[in-house]
Amino acid sequence: MELAPHDLLRIRDRSGLVCRLPRPLWVDETLDRAPLVVVRRAPLVDGMVPAGVRGRTRDLRFAAYIPTHAIVERITPEQLAAKKIWRTCPRTRQIGALGVLESVDELLTARGLTWGPTGSVGFELASGVPTATATSDLDLVIRVTNHLSVEMARQLVQAFTRLPVRVDGQLETPGGAVSLAEYARGEPPVLFRTRTGPRLVNTPWMEMGGI
């Protein structure tokens with residue numbers, strides 16, 4: 001199973017979670033409600049996948065690991081976008097970050113870009129559990145295998161600023177990720193996030209080997 005950061009993993013139950021620290025009570029409550037964890041950008045440990053559990057608020061995050069045999073299903077941000085899950089989500093008209101997904105889809109698809117929602121919006125679409133709030137930003141990942149011009153990045157940033165909610169885009173390359181807004185400024189070096197940690201690079205697509 002080929003996994004990438006931001007993928008959501010449905011697990012059999014919380015007993016499959018491998019933790020280095022004592023597991024807070026809220027983690028069990030969260031997984032009982034929706035047995036989903038998100039793939040973290042970190043190295044594999046003993047063949048186990050680095051995963052995170054997200055709580056009801058932004059400050060509730062718990063890092064753990066999942067053995068592959070405990071994974072039931074992989075849900076990628078791209079799958080959520082391709083299936084246009086927001087069209088059947090009951091809260092799309094209520095939550096701004098859900099409501100702009102149709103516009104974001106039109107914008108990125110027209111440019112031939114592969115994308116998907118992450119963060120609270122992605123989690124809500126995948127789980128059906130109300131997670132996004134009226135003040136939530138829209139976090140999204142744009143997977144760019146080869147190269148994206150700075151000019152195209154600028155066009156995307158400008159288009160996003162015209163939407164009624166803040167859009168935080170991340171360019172995901174074969175070697176790691178860079179902020180869309182930072183890359184669009186065209187002022188290298190940029191902060192490049194890899195599975196072994198962040199570093200400064202001039203050209204993200206020249207860097208290989210990260211999750």
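The values are calculated or read from the model by the stated rules, or taken from the named source; none is laboratory data. Fair warning: this is a prediction, and the values are worked out from it, not measured in the lab. No Cβ is skipped: glycine too gets one built from the backbone with ideal geometry, and neighbour counts run over all protein chains shown. To get the accessible areas, we keep the full protein, side chains included, count just its heavy atoms, and leave off ligands, DNA and RNA. Shrake-Rupley method; radii C 1.70, N 1.55, O 1.52, S 1.80 Å.
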Would you list ARG14, ARG162 from the most to the least accessible area, probe 1.4 Å? ARG162, ARG14
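Taking the mean number of other Cβ atoms within 10 Å as a proxy for protection, how do you rank 54-62, 3-11 from highest to lowest?
Working: 54-62: 13.6, 3-11: 20.7.
The peptides rank, most packed first, as 3-11, 54-62.
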A correct Karplus calculation of ³J(HN,Hα) over the range 135-141, with 6.51 cos²θ - 1.76 cosθ + 1.60, θ = phi - 60°, whole Hz and x for Gly and Pro, returns 9, 5, 6, 9, 8, 9, 10
Karplus-derived 3J(HN,Hα) from phi for the range 86-98 (6.51 cos²θ - 1.76 cosθ + 1.60, θ = phi - 60°), whole Hz, x at Gly and Pro, runs 4, 5, 10, 7, x, 9, 4, 7, 9, 10, x, 5, 7
Note on the range 1-146: C-alpha Rg/Rh, Kirkwood Rh, two decimals, gives 0.97
Give me the percent of accessible area attributable to carbon and sulfur for the chain, probe 1.4 angstrom. 51
Within the chain, percent of DSSP bridges classed antiparallel, to nearest 5: 85
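List the relative contact order of the chain as a percent without decimals, with contacts defined as Cα pairs under 8 Å and 6+ residues apart.
Relative contact order, the chain: 16 percent.
Express the accessible area of the chain per residue in Å², computed with a 1.4 Å probe while the remaining protein chains stay in the model.
Values: 10710 Å² over 211 residues.
That works out to 51 Å² per residue.
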Using the alpha carbons of the range 13-69, what is the convex hull volume per residue in cubic angstrom, as a whole number? 82
If you look at just the Cα atoms of the range 117-211, how large are its Rg and its Dmax in Å? 14.2, 40
Return the long-range amide H neighbours of ASP168 (sequence gap of 5 or more, or a different chain), with a cut-off of under 5 Å between placed amide H atoms. LEU138, ASP139, LEU140
May I ask which residue of LEU60, THR194, VAL104 lies farthest towards the positive end of the charge dipole of the chain, with charges of +1 (Lys, Arg) and -1 (Asp, Glu) on Cβ and the Cα centre as origin? LEU60
Which of the peptides 21-32, 121-132 is most tightly packed, and how do the rest follow, judged by the mean count of other Cβ atoms within 10 Å per residue? 121-132, 21-32
Calculated from DSSP H runs of 4 or more alone, at -39500 (n - 2.57) each and per residue, what is the 222 nm mean residue ellipticity of the chain, nearest 500? -6500 deg cm²/dmol
Any residue on another chain or 5+ positions along whose placed amide H is under 5 Å from the amide H of VAL49 is listed here as ILE66, THR68
Report P(r) for the range 148-200: all Cα-Cα distances, bin width 10 Å, range 0 to the bin holding the largest distance, values in whole percent. 25, 51, 22, 2
